[in-house]
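What follows is a short report on a single structure.
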Amino acid sequence: MSMNTFGHLFRVTTWGESHGPALGATVDGCPPNVPVDEAFLQQFLDKRRPGQNKNMTQRQEPDAVRILSGVFEGKTTGTSVQLMIENTDQRSKDYGDIANTFRPGHADITYHQKYGNRDYRGGGRSSARETAARVAAGGLARAALNHLAPDLKIKGYMTAMGAMQLDRSKLDLNAIDHNDFWLPDATAVQEWEDYLQKIRKDHNSVGATIEVIAQNVPAGIGAPVYAKLDTDLAAAMMSINAVKGVEIGEGMAASSLTGTDNADEIFMGENGPEYSSNHAGGILGGISTGQDLVVRFAVKPTSSILTPRQSIRKDGTAIEVVTKGRHDPCVGVRAVPVGEAMMACVVLDHILLDRGQTGGIRAPLG
């Protein structure tokens, strides 16, 4: 099985290929009577749309989403919602030279080994173009969250791009929407752009780290052991194309801390528990604490580069590969809206699971 579905109650199945006629998502389990229309979903797709500036691929796709089912008179009906995005700017001829060649760093060779057949036009299902469907589904999840948890906010931003690192002392979430890099530091944007343009001119690419936070998440969503909130968040982020690592809260850095440094102290405030810090990333024992959920993921450098790399053909003979086409010098730039979408899907899924098990009732404190 190819496993194209994720989620427990809010279930998303994506379909389509990079150079096929269309791609999209079938979403089951969305609550009824959630106000949503195509314009609401489109705002999120516009954020990951290619060709918007010189720092991303120049493929020109409008990424116009259509709602084919599950919405009537501006509200969800409770039945499955079918979302479709047509491909309009495919240049499949760019990939003719690699029909029998495996590109280094791509899934070409593993798809061939597993299936004995692969769509070499842009990578088919392994292409980052598949993430447009996730963003559409994430927009639907956000519409449902607006309905069920109106104070909940989700923000994603870049914290690193190759040698460039965010100075957290200058972190300003209000700066994110005003630059090409989703960078929460307006003073660093030009330096990051100069760096990426040098990478592009050198026929190279670079990786990135993205952080996604969810604010005002209710305490108590998630579950112990096999359906932990952090387990599902990690799996969701890891499923994004080109992601090679995921952290929750302090993440890998926790291994260098002592217990007194890492444990977030708890105090009783006027409105409930308060914490001295958030090394846990808003999750303890797989269950949300009510603090911000903090997730980071690392995106590898784009494997499609003009610099020659050694590989093999289907017949096993050696070949030097130069990958042509239109590609992102840093795919992490467009991964930010995808991370936000996956956060929305997982958080909504767990809110629905909690409603089913506990009815949202919480044990009293104080």
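Across segment 305-321, what is the number of residues that are touching a strand residue (DSSP E or B) at 6+ places or on another chain (Cβ under 8 Å) and of a type in the set (A, V, I, L, M, F, W, C)? Total satisfying the criteria: 4.
Give Ile312, Ile351, Ile287 a once-over and let me know the one that is of a type outside the set (Phe, Trp, Tyr) and within 30 Å of Thr101 (Cα to Cα). Being of a type outside the set (Phe, Trp, Tyr) and within 30 Å of Thr101 (Cα to Cα) holds for just one of Ile312, Ile351, Ile287, which is Ile312.
Among residues of segment 261-272 being within 33 Å of the chain's Cα centre (by Cα) and open to solvent by 70 Å² or more (accessible area, probe 1.4 Å), the one that is farthest from Thr289 (Cα to Cα) is Asp261. The residues of segment 141-199 that are farther than 21 Å from Ala214 by Cα and hydrophobic (A, V, I, L, M, F, W, C), listed by number, are Met161, Ala163, Met164, Ala186, Ala188, Val189, Trp192, Leu196, Ile199.
Val189 meets the stated requirement of being free of Cβ contacts under 8 Å to residues at least 24 places away in the same chain and β-branched (Val, Ile, Thr). From the list Pro21, Pro31, Pro50, the one residue that fits, being open to solvent by 60 Å² or more (accessible area, probe 1.4 Å) and either more than 23 Å from Leu145 (Cβ to Cβ) or modelled with pLDDT of 95 or more (or both), is Pro21. Summed over segment 84-122, residues that are open to solvent by 50 Å² or more (accessible area, probe 1.4 Å), at pLDDT 85 or above and either more than 24 Å from the chain's Cα centre (by Cα) or of a type in the set (A, V, I, L, M, F, W, C) (or both) total 8.
A quick yes/no check of all residues on (1) in contact with a Cys (Cβ under 8 Å, 6 or more places away or on another chain); (2) touching a residue at least 24 places away in the same chain (Cβ under 8 Å); (3) more than 23 Å from Val12 (Cβ to Cβ):
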| position | (1), (2), (3) |
| --- | --- |
| Leu284 | no, no, yes |
| Asp292 | no, yes, yes |
| Leu306 | no, yes, yes |
| Arg313 | no, yes, yes |
| Val322 | no, no, yes |
| Val338 | no, yes, no |
| Thr358 | no, yes, yes |
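Is it true that some residue in segment 285-300 is surrounded by 17 or more Cβ atoms within 10 Å (Cβ to Cβ), over 18 Å from Lys155 (Cβ atoms) and among the charged types (D, E, K, R)? Taking every residue of segment 285-300 in turn, at least one turns out to be surrounded by 17 or more Cβ atoms within 10 Å (Cβ to Cβ), over 18 Å from Lys155 (Cβ atoms) and among the charged types (D, E, K, R). Taken together, Thr187, Thr159, Thr209 contain a single residue that is assigned to a strand (DSSP E or B) and either open to solvent by 20 Å² or more (accessible area, probe 1.4 Å) or among the small types (Gly, Ala, Ser) (or both), which is Thr209.
In segment 348-366, the residue that is most open to solvent (accessible area, probe 1.4 Å) out of those that are over 25 Å from Glu274 (Cβ atoms) and over 21 Å from the mean Cα position of the chain (by Cα) is Gln357.
The values are calculated or read from the model by the stated rules, or taken from the named source; none is laboratory data. Because the structure is a prediction, the values reported are computed rather than measured. Glycine gets a Cβ as well: all are built from the backbone with ideal geometry, and neighbour counts include every protein chain shown. Each accessible area value is taken on the protein alone, full model and side chains, heavy atoms only, with ligands, DNA and RNA left out. Shrake-Rupley method; radii C 1.70, N 1.55, O 1.52, S 1.80 Å.
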